[in-house]
Structure formats: C-alpha cells, structure tokens
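Derivation of every value follows stated rules applied to the coordinates shown; laboratory data play no part. Everything numeric here is computed off the predicted structure, so don't read it as measured data. FYI the Cβ positions are ideal-geometry reconstructions off the backbone, even for glycines, and counts take in every protein chain you see.
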Amino acid sequence: MVIMKKRILVTGGAGFVGSHLCERLLREENDVVCVDNYFTGSKENIAHLLSNPYFEAVRHEITFPLYVEVDQIYNLACPASPVHYQMDPVQTTKTSVIGAINMLGLAKRTKARILQASTSEVYGDPEVHPQTEDYWGRVNPIGIRSCYDEGKRCAETLFFDYYRQYQLPIKVVRIFNTYGPRMHPNDGRVVSNFIVQALRGEDITIYGSGQQTRSFCYVDDLVDGLIRMMNSAAETTGPLNLGNPGEFTMLELAEKVLHFTRSTSKLVFLPLPQDDPRQRQPDISRTRAKLDWSPKVELDEGLQKTIAYFKNIVG
Ligand code: NAD
Ligand code: UDP
Ligand code: UDP
C-alpha cells in the first residue's frame, strides 16, 4: 500500500524553532523538506533527522525563487535575534519581503497552505497591554530594529494581499519570545545569554534597569501552536498571537537562572539598546478560542530543560 504523506516545506528549518518543527512533523509521519541558508541555523540542529528518508535538507536562500511541489509551507526563514538581524539589516528586510513574495508565489502555484512566522515585534514598543491582535502597533520605521519589525509587517501585508487578491489559504501567527534547547549560544537573546553566563560563572548582563518585561514561551508549546494553526479551519487566517502570557522582568529572569544553575555570577547593568520595548505580554484569548491552544510549560520547568541542554554544549 502506498502511504500518501503530506509534503511539508519548512523554511528556516535548520534554525532553533524550525528544527523542533521539522522533528515534530516527521514524528507525525509527514514528508518534510527543510530549506535553509545556514545563516543562523546549523547542520547540528538537524543532524539527528538526516537518517529519516522522509527528511530532506536543501541549502537555499529564500530571496531566490524556489520550485518544489508541496502541500504546506511554514515560512520561518529569518534571523530572529537582534544581534543577528542587525548584522546585515538590508539582508534581513530582503529575507522577510522578497522571501515572502517567493514563498507566496510558490504557494500560489502549488495551491499549498502557507503559514507566516510573524512576531510580537509588529507591536513595537506597545501602548496597549497586554497586546491584542487588533492593536496596530507602535514601530519606529527608521531605527535599528526596523529592518526586522517593518520587514515582518510588510510580510504580513503581502500575506493578506495574496489572500484577498488570489484567495490563497494563508495563516499568520505573531510569535512572542520563545526559548528552549537549540537556541544559538551566541545569538544574544536574553534567555541564552543569561544561562550561558551563569554556567560559565561570568557576569549576567542586564540591559537598562532590568525592569522591562517579556513573556517567554517554551518551544514545544510554540510548535504545537504552529501545527494547530496550519491545520485550523480555512477561514482562520489570523493574525493570532502565540506566546505564554506569564510576564517577567529581566531581573526576575536573571534571579531564576541563577537559582536553577546554582551560579554565583554577579549582575552587571549595561545601557539599554535603542528602541528596546518596555513591556510585552500576549493576549491569547482569540488563539484559545480559535485553536483550543494554550501553553503548558511554565517558565521554571522550561528553564530547567533549557539549562540541561546548555550544560552539554557550554564549556
Ligand atoms: P533562528 O535564527 O534560529 O532561525 C531562522 C532560520 O532561518 C535559521 O536557520 C537561518 O539560517 C534561516 N535563514 C535566515 N535567513 C534565511 C534566508 N534568507 N534563506 C534561507 N534561510 C534563512 O530563529 P528562530 O528563533 O528559530 O525563529 C524562527 C522564526 O520565528 C523567524 O522567522 C522569527 O522571526 C520567528 N520568531 C521567533 C521568535 C523567537 O523568540 N524565537 C519570536 C518571534 C518570531
Ligand atoms: N516563485 C517561486 N516558486 C514558484 C512560483 C513562484 O519561487 O513555484 C516566485 C517567482 O519567482 C515570483 C514570486 O514567487 O517572483 C511571486 O510569484 P507570483 O506568481 O505571485 O508573481 P509573478 O511570477 O507574477 O511575479
Ligand atoms: N537583555 C538583557 N541582557 C541580555 C540580553 C537581552 O537584559 O544579555 C534584555 C533586552 O534588552 C530586552 C530583553 O532582554 O529588553 C529581551 O531581549 P531579547 O534580545 O531576548 O529579545 P527581544 O528584545 O527581541 O524581545
């Protein structure tokens, strides 16, 4: 008997979130094509999947056209940490905008469902708290974060224009800060920074006063949300927030990391980067209603799993 597996393309599949998504899609018996240019992702992240005959890793830059035959597309390709997306800001905008056009063109030709990994950054430094999907955001168009924020906003525009103009089956999710194993140890994001610093006995770098807040979602919860969104009713286009509403200051996060690593590292206070949002918390009531999804892993549990991962890779 021939088994008809779903053919699923994951762009950015060798990255932090993408590699967990590929893993889960393979576990659910799909045929997975991972496309990545390995800018921030790595072959180590997907090495354990390569022996599966239904997994295919393709080195490709999504700002160039791509011709493959698939049923679903998860568009995750884009550097996500400020350090990485600010390294080559022009390329960051190209990846979000030209990459989205190519993937939407591919979806249009193959009649595939396509999901865009958008971000809470579309809300900028928000005046509405917690953030609902109806809020239009407060984004600086010319600052150092703009290549990412405006790139992602333009990608959302493209998704909704392809939906209105060509009736494409689109899905847009706005992902809030996500953490877990396979975060890049040097990508500068706060969870990986604090854990690596604590494990090495180095100073914990708090930017600003440490009173700014973020809401942290464990990667397994996020992947579950992405898959639910992809398979939701056709009229569920989003945008829908995906994140954990538990909100913490960076000082609270530092204290938790010190506690779970039993580290004696000291806190040091460094200048706050430009346009750093002061607060961020998802309102997930709409997502709960549409996808019957809510995060299960609390920060304490997720941090301990992430620390266990970093203990193995940090010398
Ligand atoms: P990541 O940097 O680990 O993964 C991104 C992947 O995309 C990497 O493997 C990278 O090599 C690849 N890539 C980048 N540019 C590319 C290009 N032009 N062509 C092909 N591949 C390219 O980041 P992540 O945390 O896994 O984020 C995945 C997606 O989720 C991103 O789109 C990001 O914007 C979004 N997101 C993540 C978070 C988070 O907290 N992790 C929050 C909001 C949104
Ligand atoms: N595209 C792609 N793969 C496909 C189909 C299209 O990469 O299978 C690219 C194509 O190069 C084009 C973009 O997607 O630049 C947008 O395609 P669309 O059909 O919307 O626009 P057009 O080809 O008319 O410019
Ligand atoms: N941050 C920090 N120390 C670090 C790295 C980040 O205090 O070593 C702060 C940063 O200024 C921001 C928050 O932690 O207020 C989250 O930063 P991250 O880069 O992880 O994500 P984003 O700003 O995109 O939410």
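Can you run phi through the Karplus equation (6.51, -1.76, 1.60; θ = phi - 60°) for segment 240-248 and list ³J(HN,Hα) in whole Hz, with x for Gly and Pro?
10, 6, 10, x, 9, x, x, 10, 9
Where in segment 178-264 are there trypsin sites (Lys or Arg not before Pro) that are in a DSSP coil and have at most 13 other Cβ atoms within 10 angstrom of their Cβ?
Arg262
Amide H neighbours of Asp125 under 5 Å, counting only residues 5+ apart in sequence or on other chains, H built in-plane at 1.01 Å?
Under 5 Å from the amide H of Asp125: Arg138, Asn140.
Can you compute log10 of I(q)/I(0) for segment 84-162 with the Debye formula, treating each Cα as one identical point scatterer, at q = 0.22 Å⁻¹?
The calculated log intensity ratios at q = 0.22 Å⁻¹ are -1.01.
Measuring from the lowest to the highest alpha carbon on each principal axis, how far does segment 211-315 reach, largest first, in angstroms?
51, 33, 19
Amide H of Val172 versus every other amide H placed in the peptide plane: which residues, excluding those fewer than 5 positions away on the same chain, fall under 5 Å?
Excluding prolines and chain starts, which carry no amide H, the hits are Gln116, Gly238, Leu240.
If the chain between Tyr207 and Glu69 were fully stretched, how many nm would it gain, using 0.36 nm times the residue separation less the Cα-Cα distance?
45.1 nm
Work out, in µm²/s and without decimals, the Stokes-Einstein translational diffusion coefficient of segment 140-215 at 10 °C, 1.306 mPa s, Rh from Kirkwood over C-alpha pairs.
Diffusion coefficient, whole number: 101 µm²/s.
Once phi is turned into ³J(HN,Hα) by the Karplus curve 6.51 cos²θ - 1.76 cosθ + 1.60 with θ = phi - 60°, what whole-Hz value does each residue of segment 97-102 show in order, with x for glycine and proline?
With coefficients 6.51, -1.76 and 1.60, one gets 8, 5, x, 5, 4, 5 Hz.
Excluding Pro185 itself, calculate the net charge of residues whose Cβ lies under 14 Å from the Cβ of Pro185, where each Lys or Arg counts +1 and each Asp or Glu counts -1.
+1
Round to the nearest 10 and give me the degree value, 0 to 90, for the angle of helix 146-166's Cα axis relative to the longest principal axis of the chain.
Roughly 20 degrees between the two axes.
Could you give each residue of segment 24-36 its phi-based ³J(HN,Hα) in whole Hz, using Karplus coefficients 6.51, -1.76, 1.60 with θ = phi - 60°, and x for Gly or Pro?
Each residue's phi maps through the Karplus curve to give 5, 5, 5, 4, 8, 6, 9, 9, 10, 10, 9, 10, 7 Hz.
Measure out, as a whole number of angstrom, how far apart the alpha-carbon centroids of segment 1-60 and segment 267-315 sit.
24
More than 37 Å apart: what percent of Cα pairs in the chain qualify?
On the way: 5692 of 49455 pairs.
For the chain, the share of Cα pairs beyond 37 Å comes to 12 percent.
Taking R0 as 41 Å, what's the FRET efficiency between Asp161 and Leu270 from their Cβ-Cβ distance, rounded to 0.05?
According to the calculation, E is roughly 0.50.
What does the convex hull of the Cα atoms come to per residue for segment 1-141, in Å³?
137
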